[in-house]
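Written out below as structure tokens is the structure these notes cover.
All of the numbers you see were taken from the coordinates with simple rules; none came from a lab. Because the structure is a prediction, the values reported are computed rather than measured. Note that we place each Cβ from the backbone using ideal geometry, even for glycine, and neighbour counts take in every protein chain shown.
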Amino acid sequence: MRSRVREFDSSTLNESVQNTIMRDLKAVGKKFMHVLYPRKSNTLLRDWDLWGPLILCVTLALMLQRGSVDSEKDGGPQFAEVFVIVWFGAVTITLNSKLLGGNISFFQSLCVLGYCILPLTVAMLVCRLVLLAELGPINFMVRFFVVIVMFAWSIVASTAFLADSQPPNRKALAVYPVFLFYFVISWMILTFTPQ
Amino acid sequence: MPSKQDSNDDTEDVALFDAEEETTNRPKKSKIRHPVASFFHLFFRVSAIIVYLLCELFSSSFIACMVTIILLLSCDFWAVKNVTGRLMVGLRWWNHIDEDGKSHWVFESRKASSQESKTVSEAESRIFWLGLIACPVLWVVFAFSALFSFRVKWLAVVIMGVVLQGANLYGYIRCKVGSRKNLTSMATSYLGKQFLRQTTGDDQPS
């Protein structure tokens, strides 16, 4: 299993712009695929990037807007709130994992946590579509079911990558903040109602 | 009589602030070789700042402004880190994680070559460093103003601006300084040279 080493000579210095764009886009796409079909893969963690988490965070924050965009009360605080919760939560989990003696770098952990928000973003999309129908207990049950499934998917995907970096007796200690993090996001998604 | 002590310094000493360069085997042209890259280098940074300052005029929606600034800052970070640094000044930095899971930060600079097309143009270099240094300073000013005028809802965006642009600034300064010297020895050698120039200038009658 070879790691992808970028040559340390002028080959990446002189590649064309299009090559750079395609290379980065492919890396982002590959990571999304890995979240959808999680399996242990060390090579994925090595090329971290934070573009996926940024896109997902902005999408999630946009979808969690209450009220129409044209109204006087702009959804500003809620947008910033989602951003702060996601990034601050991810940083806290990373610090916790490093303090427990984990063998993962800061940005790798942020990368994994950010990419594993993808199932919950899909859940948000589905919930918004379901909310277009009439509200009621059935509506709520459908949304509840979708959110629970996606929450479990996020947890499985992220622990597949993160748990290996911890010594065996510390795995639960490192994993429970991840559980809390995705629980808070799932709660925000489930309790969302457009005005 | 020009002093010869400059040529005694090791030739890898790239000066950050000197207008006259010691290494004369690197001919500098003053024409801009990559106009598109130069344009984009400044375009994203300056438009992010303009949107931030004039957001009330553009749109009444805070969200639209915030998302626009975030997108501009991200595009600027990617463009400066991956494209304009390479093309305009021949520097690049990235993070590399090896087999053991340890992360290494790599700072790469193009060696001075004899090929004409690969030399660094002085005008481009000026544009690059000007844009790279001025904008994070402005974002830091905005951060303090947002904090003290209690426009706290903008603080998230401003902090993002400071972090992203500051990261590029730090990365490129490390690339420029090179792996052998660190920043403090670089600064002391620069100050030492200036001091020496002044004292020898005082001793010798002009």
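Some points to look at:
- Neighbour-count ranking [beta-carbon atoms within 10 angstrom, fewest first] of A:PHE88, A:PHE106, B:PHE142: A:PHE88, A:PHE106, B:PHE142
- Entries of A:LYS98/B:LYS102; B:LYS31/B:LYS193; B:LYS81/B:LYS176; A:LYS26/B:LYS102; B:LYS81/B:LYS153 with Cα pairs more than 21 Å apart: B:LYS31/B:LYS193; A:LYS26/B:LYS102; B:LYS81/B:LYS153
- Two-site FRET efficiency, B:LEU130 against B:LEU53, from Cβ-Cβ distance with R₀ of 22 Å, rounded to 0.05: 0.70
- Per residue of peptide B:154-161, the mean number of Cβ atoms on other chains within 10 Å of the residue Cβ is 2.
- Residue-averaged beta-carbon neighbours from other chains (10 angstrom radius) around B:63-70: 4
- Sum of side-chain charges, A:LEU64 neighbourhood, beta-carbon under 12 Å (Lys, Arg +1; Asp, Glu -1): +1
- Arranged from fewest to most other beta-carbon atoms within 10 Å of their beta carbon, A:SER158, B:SER109 become B:SER109, A:SER158.
- Inter-label distance, B:LYS31 to B:ASP98: 4.5 nm, where each label sits 7 Å from its Cα along the C-beta direction.
- Shielding by partners - mean other protein chain Cβ count within 10 Å, residues of A:142-149: 0
- Sorted by Cβ neighbour density within 10 Å, fewest at the top, the residues B:HIS34, B:HIS104: B:HIS104, B:HIS34
- Residue-span extension gain [B:PHE43 to B:LYS111] - 0.36 nm each, minus C-alpha spacing: 21.7 nm
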